[in-house]
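The values are calculated or read from the model by the stated rules, or taken from the named source; none is laboratory data. Predicted, not measured: the structure shown is a model, and the values here were computed from it. Virtual Cβ from ideal backbone geometry, glycine too; neighbours counted across all protein chains shown.
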Amino acid sequence: MLVIEKLNSGYGKLHVLYDVSLTAKRKEITAVLGPNGAGKTTLLNSIFGLADIYSGSIELDDERLNKMPPHMISRRGVSYVFQLMNIFPNLTVEENLRLVARFSGMNHKDIENSLKEIYDLFPILKERRRQVAGTLSGGERQMLAISIGLIKRPRLLLLDEPTAGLAVRYVDMLIEKILEMKKTMDMIILLVEQNVHKALKIADKVYVLVSGRIIFEGTPSELVNKEDIAKMYLGVG
Amino acid sequence: MFDVIILFITDLLAFFGIYLMLNTALNIERGYAGIPNFGLLFSYAGGAYITGHLTAKIAILLTGAKVEADPITQPVSALMVLNPILASNPLISITLLIIILLIGASFGALLGLIQLGPAIRLREDYLAITLLALGEVMNYIAIAYKPFINGSLGVQVPDVFSWIGSRYRFYLATGIILLIAFILYIYAEFLGRTPLGRAMKAIRENEIAAVSLGKSLTRYRAIAMIIGSAFTGVAGSLWTLYSGAITPTLQRFDWTFLPWLMIFLGGIGNNLGVALGTFIFVLINRLIIFNKHLLAGVLPFDIVWFDYISLGLIMGLILIYRPQGILPEKPYIPKNIRRKIVVSRSQE
Amino acid sequence: MIETLISGITYSSLLSLMALGITLLYRTTKVPNFAHASFVVFGIYTSYTLALLGYNPYLGTLLGFIVSGIIALILFYALLEPLRRRKSSIFILMMATLTYDILMFGIINIYADYLQTTFKIPARNVYLAPQDFTLIGLKGVTIVSTSLLIVLLMLLYILLNRTIIGAALRAVMENPSLAQANGINVSLMLALSWFLAGGLAGVAGALLPMYMMTDPSTGMLLIAPMFCASILGGLEQIYGAPLGGFILGLATTVLVSWLSGVIGYWIMTYSLMVPYITLIVTLIFIPRGVVSIILKR
């Protein structure tokens, strides 16, 4: 379980998040929604040790993550899929996956199994496995980025707007895949999304972040009933 | 004692003036246009050496003196004829000075153009490599091509300041250096406020945005480089005229690294900061050099190397703790626009 | 002519070792290292000191690797890493390497002064070729520099492509933030690349006095050829460096010597200009280096 309490964080003098508290459970998708510039990415960065934490705590299964450098947090079983620049463009698809797997301390057998799992989830990547990653299409690239996050079988997967800028057919497909991941893999998924409709369809729990503060917490159906919030900040309802 | 102080101050001000020209030039190139000119030595040495090469030749033309000796390879015998004529003829001396400075400026600008060819289109890092590499070239040319300034022996130049009397010669030279440095400084400050200067800064801030607004990257960089190199060339010319002789030994440390140190110290982009940084640095540096003999016996090595280490350390500290300098750059907003901003704010 | 060719190959090998480090650092830290010449000069004085103490100067290749590697590590940890943490621009990082070069120039000169007073020798003219050995008509420096280049290139290849540390290094070159996000200690990998690059420069420096007359300011002479070789090969590909090293090295030696026979001996004086001209021509016509042309096919 990921538990964030009273988190205040930002970058140097730029204070972005104010008293953010959030809980995300295993085998659930927790979605963080909100307008541009609300601090959604900063929240992920804070969890991953990429932002400055002024006060509050971040705990993953009762272990404090604050003050750890990113590579240590990564070794604790956290994967962060960036929105952009999220693959190694000059390596082949399989090299991308194997490289990351080797650094998570997996043994040979685990790597092969995990690789098979990923190719089952994204068959297109298996087809393209000898292709240089930089030459993939936008949707395929995003699948590879998510796979890089999945290969080490994380306890916590942070997804930063995985569908941003993708063609419609890829958006639907990716959303479905994320739902499939939730069912087949035992992990916490924290999803930051701008595509509110899609996110509400698959999320188990929703947080709305506005100007660095959490203004709503509940299930997707509760959010849809709160018309004021849904309309004003998310453009739905 | 009094004479010593006067000597110290004259020397201090001459160095200040030369460095102010260089640093103002560097500030136009870096602070305005964002060019990482690590090859300042190129146009500076160019200005200094062309002055060494041409001053005597032009003096012969101007005075019409009959000089048998070749002014480059036998400068002493040539100067025996030329210097007395110049000393007794202020008008010719001043004409010579002006001609030489114009040559220094145009040669500097020409060298700026040469540096530009490969430079303007490149990314910052490649640009820095090219300019740094080119900076080392001038000395090789001067050493390899004997007729330029007599190879590694160097050359003496006619004295264009001695007409005021040998006692006041250095005062006059220093005064002229300061005057020219001041004029260049004012010009740079003025340039910063013109649309041209602001366009340069816009490019420095964000190349892509500026280019998309129709500002030509190459054109503005080229202009900044040519103006800067012309300044640098003048500084080189004055250095040779002030010293009375020049050898191909101008160092990257003195004439590229130290100017960078000074503009970092003062504040890149801000002319006043640059002038302040230059003054502080030259004052401390000259005080140390003036009192060098006190340390000479104590240190087991040549004190010159101590300069490299201490100044290297200071630069490292500036880079880490205060890269914006003593007086950081402030955005300049022209008056008519400033009024509009005030109006629009009060309406909110 | 054969003699010039052999001398050219020696020079090219040394140049390749230096350029290799520049390219490696450019790939990992994204900064042109203007202090690289200092690393070379520390190598020169390592083998010179060994020779003064009565040891075989070739031991300097090993010791020089370590000495210059450490000099490079100091630059990384004292200046570049604090600046990187502050998210300083590339320009500030470049300025930092330039500053370190000045600092090291002061230190090496003090060391030369120290050697001069201690051993009563002219420590500013370091030339060890007279002490070199010959084998089957070849000079020792030729044999050692070419074979060391080949061995080190192979080791580098194995490191990068066959080991997990090498994989991490490549990941850092490709995408540092993603590498960090996946458990790679980027700072440590950068430090490793600085140690390796410094070491390679140290090896080249240790061999240099066997090839030519050197002194503390030899570094200034080397800046242009080193960067030229590195850019000529292509800064985007590590193995471009030896390619650039050999093209430039042979051009400055063999080509100039041939030209001096055709045009006149005076051209030799200007052989120092070859790297500058090549550098500028490369930047205008093939800014991504010879490798980019080869890979394009």
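Listed here are the strands (runs of 3 or more DSSP E) enclosed by segment A:100-214 that have at least 1 residues being within 14 Å of chain C (Cβ to nearest Cβ) and either surrounded by 18 or more Cβ atoms within 10 Å (Cβ to Cβ) or over 20 Å from the mean Cα position of the chain (by Cα) (or both): A:156-160.
Among the residues examined, B:Leu317 does not qualify as over 22 Å from B:Leu12 (Cα atoms), at pLDDT 90 or above and at the interface with chain C (Cβ under 9 Å from one of its Cβ atoms).
The single residue among C:Pro130, C:Pro122 that is assigned to a loop (DSSP other than H, G, I, E, B) and surrounded by fewer than 13 Cβ atoms within 10 Å (Cβ to Cβ) turns out to be C:Pro122. Flag set for A:Met85, criterion: surrounded by fewer than 17 Cβ atoms within 10 Å (Cβ to Cβ), of a type outside the set (D, E, K, R), within 12 Å of another protein chain (Cβ to nearest Cβ) and under 27 Å from A:Arg141 (Cβ atoms).
Entry remark, segment C:176-192: residues being buried (at least 22 other Cβ atoms within 10 Å of the Cβ) and facing another protein chain (nearest Cβ under 7 Å) number 6 in total. Candidates C:Met220, C:Met226: the one that is within 18 Å of B:Glu136 (Cβ to Cβ) and surrounded by fewer than 21 Cβ atoms within 10 Å (Cβ to Cβ) is C:Met220. In segment C:154-165 there is no residue matching the filter, namely being in a helix (DSSP H, G or I), modelled with pLDDT of 90 or more and farther than 30 Å from A:Ser104 by Cα.
Per the listing C:Tyr45, C:Tyr100, C:Tyr55, the residue uniquely surrounded by fewer than 23 Cβ atoms within 10 Å (Cβ to Cβ) and of a type outside the set (A, V, I, L, M) is C:Tyr55.
Taken over segment B:18-41, the criterion of being over 26 Å from B:Arg286 (Cβ atoms) and not in a loop (DSSP other than H, G, I, E, B) is satisfied by B:Tyr32 alone.
Rundown of residues vs (1) under 19 Å from B:Leu261 (Cβ atoms); (2) part of a helix (DSSP H, G or I); (3) away from chain B (no Cβ under 11 Å), yes/no style:
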{"site": "C:Ser16", "(1), (2), (3)": "no, yes, yes"}
{"site": "C:Thr23", "(1), (2), (3)": "no, yes, yes"}
{"site": "C:Asn33", "(1), (2), (3)": "no, no, no"}
{"site": "C:Val41", "(1), (2), (3)": "no, yes, yes"}
{"site": "C:Phe76", "(1), (2), (3)": "no, yes, yes"}
{"site": "C:Lys87", "(1), (2), (3)": "no, no, yes"}
{"site": "C:Phe91", "(1), (2), (3)": "yes, yes, no"}
{"site": "C:Phe105", "(1), (2), (3)": "yes, yes, no"}
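A single entry from C:Gly69, C:Gly60 fulfils the requirement of being away from chain B (no Cβ under 14 Å), assigned to a helix (DSSP H, G or I) and modelled with pLDDT of 95 or more: C:Gly69. Scan segment A:198-211 and give yes if some residue there is in contact (Cβ under 8 Å) with a residue 12 or more places away in the chain, closer than 21 Å to A:Gly138 by Cα and among the polar types (S, T, N, Q), otherwise no. No, segment A:198-211 contains no residue that is in contact (Cβ under 8 Å) with a residue 12 or more places away in the chain, closer than 21 Å to A:Gly138 by Cα and among the polar types (S, T, N, Q). Restricting to segment B:227-258, count the residues that are assigned to a helix (DSSP H, G or I), more than 14 Å from chain C (Cβ to nearest Cβ) and among the polar types (S, T, N, Q). Going through segment B:227-258 one residue at a time, the tally reaches 5. Just so you know, in segment B:259-287 the residues that are assigned to a helix (DSSP H, G or I) and within 14 Å of another protein chain (Cβ to nearest Cβ) include one that is surrounded by the fewest Cβ atoms within 10 Å (Cβ to Cβ), and it is B:Trp260.
Can you find a residue that is free of Cβ contacts under 8 Å to residues at least 24 places away in the same chain, of a type outside the set (Ser, Thr, Tyr), away from every other protein chain (no Cβ under 14 Å) and within 24 Å of C:Gly240 (Cα to Cα) anywhere in segment C:125-145? Please lay out each step first, then the result.
Of all residues in segment C:125-145, those free of Cβ contacts under 8 Å to residues at least 24 places away in the same chain come to C:130, C:133-137, C:143.
Narrowing the set further to residues that are of a type outside the set (Ser, Thr, Tyr) leaves C:130, C:133, C:135-137, C:143.
Those still in the list that are away from every other protein chain (no Cβ under 14 Å) too: C:130, C:133, C:135-137, C:143.
From what is left, the residues that are within 24 Å of C:Gly240 (Cα to Cα) are C:143.
Checking segment C:125-145: at least one residue is free of Cβ contacts under 8 Å to residues at least 24 places away in the same chain, of a type outside the set (Ser, Thr, Tyr), away from every other protein chain (no Cβ under 14 Å) and within 24 Å of C:Gly240 (Cα to Cα).
Candidates are the residues of segment A:88-97 that are at pLDDT below 90 and not in a loop (DSSP other than H, G, I, E, B); the one that is nearest to the other protein chains (Cβ to nearest Cβ) is A:Glu95. The conditions of being at pLDDT 90 or above, over 20 Å from C:Asn185 (Cβ atoms) and not assigned by the TED database to the domain that holds A:Gly134 are met by A:Ser57. Across segment B:19-56, the qualifying residues are those that are of a type in the set (Gly, Ala, Ser) and more than 14 Å from chain C (Cβ to nearest Cβ), and the one among them that is surrounded by the most Cβ atoms within 10 Å (Cβ to Cβ) is B:Ser43. Annotation note: of C:Ile238, C:Ile231, the sole residue that is under 20 Å from the mean Cα position of the chain (by Cα) and within 14 Å of chain B (Cβ to nearest Cβ) is C:Ile231.
Those residues that are out of contact with any strand residue (DSSP E or B) (no Cβ under 7 Å at 6 or more places or on another chain) and not hydrophobic (A, V, I, L, M, F, W, C), I need them from segment C:37-58; list them, please.
Residues of segment C:37-58 that are out of contact with any strand residue (DSSP E or B) (no Cβ under 7 Å at 6 or more places or on another chain), as a first pass: C:37-43, C:45-47, C:49-58.
Passing the criteria: C:Ser38, C:Gly43, C:Tyr45, C:Thr46, C:Ser47, C:Thr49, C:Gly54, C:Tyr55, C:Asn56, C:Pro57, C:Tyr58.
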